[in-house]
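K.L.:
Take a look at the following structure, please.
The values are calculated or read from the model by the stated rules, or taken from the named source; none is laboratory data. The model shown is predicted, which means the values in this text are computed figures rather than measured ones. Note that we place each Cβ from the backbone using ideal geometry, even for glycine, and neighbour counts take in every protein chain shown. With ligands, DNA and RNA removed, areas are computed over all heavy atoms of the protein, side chains included. Shrake-Rupley method; radii C 1.70, N 1.55, O 1.52, S 1.80 Å.
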Amino acid sequence: MSLLANIIGFSFVGLAARMGQLSIQSRNLYSNPGGHLIAMGAFGYVGYLAHKWEAYSGQLLAQKKQEIREGRQEMVAKFASAE
């Protein structure tokens, strides 16, 4: 998923959370639009962090797989030379 799609998606979740909060309180949904922007910005930032974490964790997993693969190859070579 692209970075922009992740940020926009999380921003809309923030807007929905804000509207849900106002509807539970039985307040006007269109009052204080600054609160909507703050909620969207905060959730958009969480989306940015989620995207960065996904990329970082993918690198960590690839590195760990490579380490495991190298370890297996060394073990196979060790057992083959012992025979």
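K.L.:
Against the definition (open to solvent by less than 60 Å² (accessible area, probe 1.4 Å) and under 15 Å from the mean Cα position of the chain (by Cα)), how does GLY34 come out, yes or no?
P.N.:
No; evaluated as a whole, the condition is false for this residue.
K.L.:
If you check ILE68, ILE7, ILE24, which single one turns out to be in contact (Cβ under 8 Å) with a residue 40 or more places away in the chain, aliphatic (A, V, I, L, M) and either open to solvent by less than 100 Å² (accessible area, probe 1.4 Å) or on the phi < 0 side of the Ramachandran plot (or both)?
P.N.:
Going through ILE68, ILE7, ILE24 in turn, just one is in contact (Cβ under 8 Å) with a residue 40 or more places away in the chain, aliphatic (A, V, I, L, M) and either open to solvent by less than 100 Å² (accessible area, probe 1.4 Å) or on the phi < 0 side of the Ramachandran plot (or both): ILE7.
K.L.:
Looking at (1) modelled with pLDDT under 95; (2) open to solvent by 70 Å² or more (accessible area, probe 1.4 Å), which is the only condition TYR45 fails?
P.N.:
Single failed check for TYR45: (1).
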